[in-house]
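The values are calculated or read from the model by the stated rules, or taken from the named source; none is laboratory data. Only a predicted model underlies this, so the values are computations on that prediction, with no experimental measurement involved. FYI the Cβ positions are ideal-geometry reconstructions off the backbone, even for glycines, and counts take in every protein chain you see. Each accessible area value is taken on the protein alone, full model and side chains, heavy atoms only, with ligands, DNA and RNA left out. Shrake-Rupley method; radii C 1.70, N 1.55, O 1.52, S 1.80 Å.
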Amino acid sequence: MPGQSTDSSLISLLAEYGKERENLIPLLQEVQERFQFLSPEAVRAVADHLDLSENDVYGVATFYAQFRFVPPGLHHIKVCEGTACHVRGSDHILEAVERSIGIKPGQTSEDGSYSLERVACFGSCALAPVVVVDDKVHGRMTGNKTQKLIEEEE
Amino acid sequence: MSFQTIQQQAKTEWELFDRPDRFRILVGSATCGRAAGSQEVIEKFREELANRHLLAETDIYEVGCLGLCYAEVLVEIQGKDGRRILYQSVEPRRVADLIDAQLVQGGIYEPLAMACTQSETDTSIPAFSDLEIMQSQVRIVLRNCGIIDPTNVEHYIARGGYSGLARALQMSADQVIEEIQQSGLRGRGGAGFPTGMKWSFARRTESDRKYVICNADEGDPGAFMDRSVLEGDPHAVLEGLLVAGYAIGADTGYVYCRAEYPLAIERLQQAIVQMHEKGLLGANILGSNFSFSIKIKKGAGAFVCGEETSLMQSIEGKRGMPRSKPPFPAVSGLFEKPTNINNVETLAAVSAIMEKGAAWYAGYGTEKSRGTKTFALAGKITRTGLIEVPMGISLRTIIEDIGGGVLDGKTFKAVQTGGPSGGCIPAQYIDLPVDYEHLAEVGSIMGSGGMIVIDEASCMVDMARYFLTFTENESCGKCVPCRMGTQHLLNILTDITQGKGKPEHLDTLRKIGATMKNGSLCGLGQTAANPVLTTLTHYEDEYLEHIDNLKCPAGACRSLIHFSIDAAQCTGCGACSRACPVDAISGTRKEPHAIDQQTCICCGSCRDACKFEAVLVS
Ligand SMILES: Cc1cc2nc3c(=O)[nH]c(=O)nc-3n(C[C@H](O)[C@H](O)[C@H](O)COP(=O)(O)O)c2cc1C
Ligand code: FES
């Protein structure tokens, strides 16, 4: 995580990018990919690198749903809420997940093992309803199957 | 390198793809194929082939999406006899049988065989093009998807790729624009603006710098056409982008692709490297004085960034908010320079048109809507998938012939087109020709191509509420009509679905909808009320049932329904109580069960689990 110890890797990451504003979003994306979330220190470093105010960087980062400001859980669960998944019952799946791990979308469980996110379409609508766990796409899900999947991860 | 030399090389490489002395296995491995387990299937093929000492004489390729998503994992096996068989729903446990049946014994593995795909007819099995799902389709944009190795530029070139660009470079920019105008191509991103005309505006603006952008944001939740094309045939899109760049006089292109499509982004990156290697990108492309470079930008999860002015803000590293037009992007767009933006599918059609000519393309479709359109067919339909049809084809052909009708023999209620900007077309219009004009006539839009089939179990008020949840969440908040309008619409719709609706609500919905249409800054707000307005037009009685009688006729709105068990039908098998997530169902084995109404959360799991239709909704 980008605390004192990882500063050097953050610095070397920043060094790969020019100072143009155009690099702001790609830079935030790479920071998040590397460190899982955008910490206050990381935001400050990005702002410094691009000569922008922290406010400006937060303004952009909070506009986009992709960016997180708290660390995700060990397992990150994404439930599709797109149209195809909706008509095939995705809200039951979301509820089943909420029940079995006790958190709402946008939250991370207290022990840090799970986080939950709602996504509008993965583009795998033909396999609706779709659940993505740690970047693996699972198609034709039901509430019960999802619950089992989560139990297996434990 | 001259283009002839490049083509010659590609031809040689293509011949290696189809060798009589080797076995060949193609596995559909786009995102949908992977979700269905294609990687595990490939692993298993390697293992079983090795067991039989056949691995050394077999080539295994990962290909894009053939569009038959319901039948994934799709595998095509070609033996040394040249016979090519397409198998559906392949699971790892069937792989050994497939190999033995076709590659060892020279027959066909009947249980999973779907069609033959070689050019010669095979009397024992139907040809791929004769399948009911394929008969009415015309594949122009999807010409290579599932057929070539998308990571190999030689395959694309061998099948005619980049000859359109080579031809364009021999023509003047104005001639290229004229050709696209003649083809009648209209933008496939939603609005249907004539592509050639749009190019001519950007061409006419004088500037030291111009840009072209490929819009691959595909934000409509329930659409995956652009993803499939990018994953299955990235060069078709990039070639179109080059042609657009040449036509308007741009030297830089951007592809703005949504971050939820990691495989598409990977394919684009690979494709760009290969283009450089072939001299199809960089300085003096194919020896001409046209130079071009392409950058890929990942979206960051904002629907409004599909809107062109927001998208450009996003590329510039800002909050993706739209601005008022004019000035149009053709005059002042990205970095305030003249910019042309087109959708993925539009550009994939451009490369085909440049290769085969405007007249050929214009030969498909209707007078005002030329060519073909891809649709992502999903929802309650038997054969979900990606299809491409000539414009003007009837909804009935799409839903019944290609899609195989409504899932589980249920009754067809409506089809939703155009996503959050579109509307629901009711069953009575099933013979409607699908083109821009006819869809608009019934209050919907073509949109980008999402087509969600809805059956009797879906409530239209709930559908409207669903879309408003989406647009309310995605509204960027810059203009008041959209920000406040989506909130009000959503609140009212939520009230109605919870039995708190009032008769005057319907009028209020219509009024807010009209205000949003007239007053919003961008297309998001201007069209966000469409799902409400079209369902109000076609399903007012369903709204009234909720308001006046506190009933949801479809049995979908949970505040208005309750579940019970029909003792006469219940066999006491216990499937329902096992499925119930909150343990609301009890009963002795082989005796009728009962649902505790206090505990029940109306999730419907018991109804899905029951094989005897003993769970009643009222
Ligand atoms: C809210 C909103 C979202 C949009 N999303 C997309 C999209 O995901 N993909 C797309 O190609 N066009 C989208 N558009 C349309 C674009 O603004 C633009 O018209 C289109 O990219 C032009 O390309 P075309 O002429 O080839 O259709 C959207 C428009 C609006 C108002
Ligand atoms: S609607 Fe869920 S994957 Fe598209």
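Just to confirm my filter: which helices (runs of 4 or more DSSP H) fall fully inside the range B:522-618 and include at least 1 residues that are crowded, with 17+ Cβ neighbours inside 10 Å and modelled with pLDDT of 95 or more? Please lay out each step first, then the result.
Numbers: elements: B:523-528, B:530-538, B:540-549, B:575-579, B:605-609.
Result: B:523-528, B:530-538, B:540-549.
Test A:Leu10 against the stated conditions and say whether it is more than 16 Å from ligand 2 (Cβ to nearest atom), open to solvent by less than 20 Å² (accessible area, probe 1.4 Å), more than 10 Å from chain B (Cβ to nearest Cβ) and assigned to a helix (DSSP H, G or I).
Numbers: more than 16 Å from ligand 2 (Cβ to nearest atom): yes; open to solvent by less than 20 Å² (accessible area, probe 1.4 Å): yes; more than 10 Å from chain B (Cβ to nearest Cβ): yes; assigned to a helix (DSSP H, G or I): yes.
When the stated conditions are applied, A:Leu10 passes them.
Residues are listed down the side, and each one gets a yes or a no for (1) open to solvent by less than 50 Å² (accessible area, probe 1.4 Å); (2) under 20 Å from B:Asp233 (Cα atoms); (3) free of Cβ contacts under 8 Å to residues at least 60 places away in the same chain:
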residue	(1), (2), (3)
B:Val63	yes, yes, no
B:Val75	yes, yes, yes
B:Gly79	yes, no, yes
B:Arg93	no, no, yes
B:Ala96	yes, no, yes
B:Leu103	yes, no, no
B:Thr121	no, no, yes
B:Ser136	yes, no, no
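Can you tell me which condition B:Thr384 does not meet? The list is (1) away from ligand 2 (no atom under 16 Å from the Cβ); (2) out of contact with any Pro (no Cβ under 7 Å at 6 or more places or on another chain); (3) among the hydroxyl-bearing types (Ser, Thr, Tyr); (4) not assigned by TED's automatic domain parsing to the domain that holds B:Asn215, and all the others hold.
Result: B:Thr384 fails condition (1) only.
Among the residues of the range A:87-130, how many are at the interface with chain B (Cβ under 7 Å from one of its Cβ atoms), in contact with a strand residue (DSSP E or B) (Cβ under 8 Å, 6 or more places away or on another chain) and assigned to a helix (DSSP H, G or I)?
Adding up the residues that qualify gives 4.
Within the set of pairs 6+ apart or on separate chains, which have a first residue in the range B:211-223 that is within 21 Å of B:Ile387 (Cβ to Cβ) and at the interface with chain A (Cβ under 8 Å from one of its Cβ atoms), a second that is of a type in the set (Gly, Ala, Ser) and within 8 Å of ligand 1 (Cβ to nearest atom), and C-beta atoms under 6 Å apart?
Final answer for the pair search is B:Gly219/B:Gly306; B:Asp220/B:Ser448; B:Ala223/B:Ser448.
Among the residues that make up the range B:238-250, is at least one of them within 16 Å of ligand 2 (Cβ to nearest atom) and modelled with pLDDT of 95 or more?
Step one: filter the range B:238-250 for residues within 16 Å of ligand 2 (Cβ to nearest atom), giving none.
No, the range B:238-250 contains no residue that is within 16 Å of ligand 2 (Cβ to nearest atom) and modelled with pLDDT of 95 or more.
Yes/no matrix, rows are residues, columns are (1) open to solvent by 10 Å² or more (accessible area, probe 1.4 Å); (2) in the same structural domain as B:Ser293 (by TED's automatic domain parsing); (3) touching a Phe, Trp or Tyr at 6+ places or on another chain (Cβ under 6 Å):
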site	(1), (2), (3)
B:Asp208	yes, yes, no
B:Gly222	no, yes, no
B:Arg227	no, yes, yes
B:Ala244	no, yes, no
B:Gly253	no, yes, no
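Scan the range B:444-477 for residues that are away from chain A (no Cβ under 11 Å) and either more than 23 Å from the chain's Cα centre (by Cα) or modelled with pLDDT of 95 or more (or both) and jot them down.
Residues satisfying the conditions are B:Glu456, B:Met460, B:Val461, B:Ala464, B:Leu468, B:Glu472, B:Ser475.
Condition (residue is within 14 Å of ligand 1 (Cβ to nearest atom) and within 14 Å of chain A (Cβ to nearest Cβ)) applied to the range B:185-208: is it met by at least one residue? Let's see the steps before the verdict.
Quick first cut of the range B:185-208, residues within 14 Å of ligand 1 (Cβ to nearest atom) only: B:185-202.
Okay, now just the ones that are also within 14 Å of chain A (Cβ to nearest Cβ), so none.
For the range B:185-208, residues within 14 Å of ligand 1 (Cβ to nearest atom) and within 14 Å of chain A (Cβ to nearest Cβ): absent.
Conditions: (1) surrounded by fewer than 19 Cβ atoms within 10 Å (Cβ to Cβ); (2) outside any helix (DSSP H, G or I); (3) without any contact (Cβ under 8 Å) to a residue 12 or more places away in the chain. B:Trp360 meets all but one. Number of the miss?
(2)
Suppose we filter the range B:282-328 for residues that are in contact (Cβ under 8 Å) with a residue 12 or more places away in the chain, open to solvent by 10 Å² or more (accessible area, probe 1.4 Å), outside any helix (DSSP H, G or I) and away from every other protein chain (no Cβ under 12 Å); how many remain?
Going through the range B:282-328 one residue at a time, the tally reaches 10.
Away from ligand 2 (no atom under 16 Å from the Cβ) and within 14 Å of chain A (Cβ to nearest Cβ): is that true of B:Gly404 in this structure?
Details: away from ligand 2 (no atom under 16 Å from the Cβ): yes; within 14 Å of chain A (Cβ to nearest Cβ): yes.
So B:Gly404 passes the test.
Kindly list the number of the only condition in (1) outside any strand (DSSP E or B); (2) without any contact (Cβ under 8 Å) to a residue 40 or more places away in the chain; (3) open to solvent by less than 10 Å² (accessible area, probe 1.4 Å) that fails for B:Ile399.
That leaves (2) as the condition not met.
Among (1) open to solvent by 30 Å² or more (accessible area, probe 1.4 Å); (2) at pLDDT 95 or above, which single condition is B:Ala166 missing?
So the condition that B:Ala166 fails would be (1).
Exactly one of these conditions fails for B:Met354: (1) more than 9 Å from every other protein chain (Cβ to nearest Cβ); (2) not in a helix (DSSP H, G or I). Give me its number.
Just one mismatch for B:Met354, condition (2).
Answer yes or no as to whether B:Ala376 is crowded, with 22+ Cβ neighbours inside 10 Å and either touching a residue at least 60 places away in the same chain (Cβ under 8 Å) or within 15 Å of the chain's Cα centre (by Cα) (or both).
Working: crowded, with 22+ Cβ neighbours inside 10 Å: yes; either touching a residue at least 60 places away in the same chain (Cβ under 8 Å) or within 15 Å of the chain's Cα centre (by Cα) (or both): yes.
For B:Ala376, the condition - crowded, with 22+ Cβ neighbours inside 10 Å and either touching a residue at least 60 places away in the same chain (Cβ under 8 Å) or within 15 Å of the chain's Cα centre (by Cα) (or both) - is met.
Of all residues in the range B:453-480, which are open to solvent by 10 Å² or more (accessible area, probe 1.4 Å), assigned to a helix (DSSP H, G or I) and within 20 Å of B:Thr384 (Cβ to Cβ)?
Answer for the range B:453-480, where residues must be open to solvent by 10 Å² or more (accessible area, probe 1.4 Å), assigned to a helix (DSSP H, G or I) and within 20 Å of B:Thr384 (Cβ to Cβ): just B:Tyr466.
Within the range B:267-275, can one find any residue that is in a helix (DSSP H, G or I) and at pLDDT below 95?
Filtering the range B:267-275 down to residues in a helix (DSSP H, G or I) leaves B:267-275.
Applying the additional criterion that residues be at pLDDT below 95 yields none.
No, because not a single residue in the range B:267-275 is in a helix (DSSP H, G or I) and at pLDDT below 95.
Tell me which residues, restricted to the range B:442-452, are β-branched (Val, Ile, Thr) and surrounded by fewer than 24 Cβ atoms within 10 Å (Cβ to Cβ).
Taking the range B:442-452 and keeping what is β-branched (Val, Ile, Thr), we get B:442, B:445, B:452.
Scanning the range B:442-452 gives B:Val442, B:Ile445.
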